[in-house]
Structure formats: structure tokens, C-alpha cells
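Worksheet for the structure shown next.
The values are calculated or read from the model by the stated rules, or taken from the named source; none is laboratory data. The shown structure was predicted, so the numbers you read here are calculated from the model rather than taken from an experiment. All Cβ positions, even for glycine, are placed from backbone atoms using ideal geometry, and neighbour counts span all protein chains on display. The protein model used for the area step is the full one, side chains on, heavy atoms only, and it has no ligands, DNA or RNA in it. Shrake-Rupley method; radii C 1.70, N 1.55, O 1.52, S 1.80 Å.
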Amino acid sequence: GAMDPMICLGLEGTAEKTGVGIVTSDGEVLFNKTIMYKPPKQGINPREAADHHAETFPKLIKEAFEVVDKNEIDLIAFSQGPGLGPSLRVTATVARTLSLTLKKPIIGVNHCIAHIEIGKLTTEAEDPLTLYVSGGNTQVIAYVSKKYRVFGETLDIAVGNCLDQFARYVNLPHPGGPYIEELARKGKKLVDLPYTVKGMDIAFSGLLTAAMRAYDAGERLEDICYSLQEYAFSMLTEITERALAHTNKGEVMLVGGVAANNRLREMLKAMCEGQNVDFYVPPKEFCGDNGAMIAWLGLLMHKNGRWMSLDETKIIPNYRTDMVEVNWIKEIKGKKRKIPVEVNWIKK
Ligand code: KG4
């Protein structure tokens, strides 16, 4: 009937993970499944990741249509960027094909903003300062003056990529983040590594190189893992704290694959307590890349009047968070920060 919620199918395929999700405009997730491409030892090969998407999307879509009848779908959403060109191209092609065969509108969405909006849907956060940390992205983002704006970001590689590259160097499995976390628990000594904060931005490639040299020099792997985490996560915590002072948001939300890390959560939680702001992390299923987040952002945009012609569905590999005209946020409800306190995060 006329009052039925809209149903959107979302396709995520910016990098190495293929995701399909189905979400209603009431915010109910009806289907959400991802399959990860396992890269060879040298790291992600963009062409192979794209082939993986081309093989995996049909399988996942078939499974999704066993849960929700394809005739119930009202909208097709897909990750338009940022991401790897070949992966994005396959994803957009699958989305256009679905849109044309089901005769339903299509909408391309920004992957980073999708992480934030699914986080708001699945936690109590209303207007958070978001730390988004994954294999491909590292950004501090907040909604200010009609746009999601980047307050700080990595100047080179993403923090997840830094962990994964180090793990590969010392022959740990991919993705290396969880293995480094495990080893870090047995670390006893803080190895001297570079701490690189430049204004609101950070950099990880020098830290990665120094960690590799420390390994070559015979430092204990557990100590290096521990130190790598302490340095990388302190840098992230520092710029997040400073962004709080700039924005006066009363909530911090941690999203992306690296959000799984307990040490990072612990540091941010302590910082938030010091700043008297609330701290949120979405459930694991919605922290990493997933199709539901793409579907949900597609619904928010479309319900508020955004339509796309096929011409507008070209991929945007360098899609910046602040390029998106936010049409779905009408009023800001989140709480504001109250008592600023100064804290030092790195303990030597
Ligand atoms: O790109 P991303 O959001 O993909 C999904 O997980 O969906 O996140 C992957 C990244 C990888 O770099 C991986 O090493 C990292 O998340 N990661 C972690 C942990 N679990 C995953 N990093 C640190 N500690 C963890 N426990």
C-alpha cells in the first residue's frame, strides 16, 4: 500500500570486499552479506579484486532475492566512490543492470558517508564526530554547515594498510590487523618509532618503514606490534580529540574495519571520558564494508528527493566526503561537548 516502507538493495564494491544489503526506509536490515577477496602475498591486485566482484555479485544477489522477492525492491544503490577504479566499475555496471531490468531508480552513494549513516542507524549517536579507519581510508569527519567535512586525515596510507603491510612483511596472514592486536598483548617494551601528526593530519608510511627496520634489527615482534599500535592509535586519538575542540560535538563514533581493535577503542574511550562526550562503536557487521550501509544512504538521499540519471552514475574514484550535497539532515539533534580537558595520550 501507499504507506509501505521503501525497500532498497545496496551494492558495496569499492575495494576487496563484495557486499549486498537490503534495507527498508524504516531502517530495518532484511539482508546483509559480504564476501572477501583474499589477495596474494604482494597485496591487492585491482584487476583480480574486480574479477572477484564480477563473480561474487551474481551469487550474493541471487541469495538476497531468496530472502526478499525482487519485485519488492524499489531502489538500487551502489558505492560510487572513493575506491579502486576496476572494482567501482564492476559494481556500477551491476547496479545499472539491476536498475534497468527491475525498472527501478538507481542512486550512487559516497562510501565514507555510508559508514557514518549506518553507524547513526545502529547506535544511539545522532550527530557524531566520526573516526573512520579501514584498509583504504583514515579520516576524521563531522557534519558542519550542510556537509560532511573532513577535519583530519592521513597524508599517505590508511592505518589499516599500515598494519596489513607490516603484517605481510613479517609473514602474518592477511588482513594483519587482528594478528598484530593479538601479538601486541604480549608486548613489554615501547620501541622508538616516529609519531607523525601534522596539524590536523597524520602520516603512516614513516611509521611503517621504521617498524620494518626495527624487525630487521631484531626487536621482538610482540614489542614492535605493541609499539606500532601505541604510536598509530595515539596519533588517531590526538587528532580526534583536537577535532572535538574545533567542532564541539558531544559524541564520537568509531567506524571501519580497524574499529574492531580493542586497544584503539580503549584509547578513544578514555579520551571521550576526559572530554565528557559519548563514545559509540556500531556492531561489527556494520563497522566494516557492507551492502546495508550503501542501501541505507541511498534511501536517505532518495526519500529526500535525489534522483540520478544513468549519466550521473559514472564512478568517482576520488570521491571526497565534502563533495556530497547533504539533503537528508534537516536539523541537528546531537548533544554538544561541555568540559574540555587536556590529556596526554602517549605514555613513555
Ligand atoms: O577496509 P575495511 O573496513 O574492511 C572490512 O573489514 O570490512 O577494514 C579492513 C581493515 C584491514 O586493514 C584489517 O587489518 C583491519 O581492518 N582490522 C583490524 C582489526 N580487524 C580488522 N585492525 C586492527 N585490529 C583489528 N582487530
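Table: residues versus (1) touching a strand residue (DSSP E or B) at 6+ places or on another chain (Cβ under 8 Å); (2) within 30 Å of L172 (Cα to Cα).
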position	(1), (2)
D4	no, no
C8	yes, no
G27	no, no
T34	yes, yes
R47	no, yes
A50	no, yes
E55	no, yes
K62	no, no
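Across segment 50-67, the number of residues qualifying as of a type outside the set (G, A, S) and buried (at least 16 other Cβ atoms within 10 Å of the Cβ) comes to 7. Of the strands (runs of 3 or more DSSP E) entirely within segment 1-49, those holding at least 1 residues that are open to solvent by 50 Å² or more (accessible area, probe 1.4 Å) and under 12 Å from M293 (Cα atoms) occupy 29-36.
Residue-level check: of (1) open to solvent by 30 Å² or more (accessible area, probe 1.4 Å); (2) within 16 Å of the ligand (Cβ to nearest atom); (3) within 30 Å of G21 (Cα to Cα), Y226 misses just (3).
The lone criterion from (1) closer than 30 Å to L9 by Cβ; (2) open to solvent by 40 Å² or more (accessible area, probe 1.4 Å) left unmet by D156 is number (1).
Scanning segment 166-193 for residues that are out of contact with any Phe, Trp or Tyr (no Cβ under 9 Å at 6 or more places or on another chain) and within 14 Å of the ligand (Cβ to nearest atom) turns up R168, H174, P175, G177, P178, Y179, E181, E182. Annotation note: Cβ proximity below 8 Å between a residue of segment 250-262 that is closer than 12 Å to G135 by Cβ and a residue that is modelled with pLDDT under 95 and away from the ligand (no atom under 12 Å from the Cβ) (sequence gap 6+ or interchain) occurs for no pair. Y319 meets each of the listed conditions (1) over 19 Å from the mean Cα position of the chain (by Cα); (2) within 16 Å of the ligand (Cβ to nearest atom); (3) of a type in the set (S, T, Y) apart from (1).
The listed residues are T138, T196, and the only one of them that is crowded, with 17+ Cβ neighbours inside 10 Å, closer than 30 Å to V324 by Cα, within 14 Å of the ligand (Cβ to nearest atom) and hydroxyl-bearing (S, T, Y) turns out to be T138. Residues in segment 111-135 that are within 16 Å of the ligand (Cβ to nearest atom) and in a helix (DSSP H, G or I): H111, C112, I113, A114, H115, I116, E117, I118, G119, T122.
Highlighted here are the helices (runs of 4 or more DSSP H) found entirely within segment 141-255 that include at least 3 residues which are within 27 Å of E117 (Cα to Cα): 159-169, 221-247. Pairing each residue of segment 29-55 that is closer than 14 Å to T91 by Cα with any residue that is assigned to a loop (DSSP other than H, G, I, E, B) and aliphatic (A, V, I, L, M), provided the two are 6+ apart or on different chains, yields C-beta distances under 6 Å for P46/L84. Tell me, which residue of segment 230-257 that is within 16 Å of the ligand (Cβ to nearest atom) and open to solvent by 10 Å² or more (accessible area, probe 1.4 Å) is nearest to D278 (Cα to Cα)? Result: G257.
I'd like to know if segment 106-121 contains one or more residues that are open to solvent by 10 Å² or more (accessible area, probe 1.4 Å) and farther than 30 Å from K62 by Cβ. The answer is yes; a qualifying residue exists. The combined condition, being without any contact (Cβ under 8 Å) to a residue 12 or more places away in the chain, more than 26 Å from R149 (Cβ to Cβ) and surrounded by fewer than 23 Cβ atoms within 10 Å (Cβ to Cβ), is fulfilled by D216. Against the criterion of being over 21 Å from the mean Cα position of the chain (by Cα) and either closer than 15 Å to T130 by Cα or open to solvent by 10 Å² or more (accessible area, probe 1.4 Å) (or both), W296 does not qualify. Filtering segment 299-317 to residues that are surrounded by 15 or more Cβ atoms within 10 Å (Cβ to Cβ) and not basic (K, R) leaves L299, L300, M301, H302, M308, T313, I315, I316, P317.
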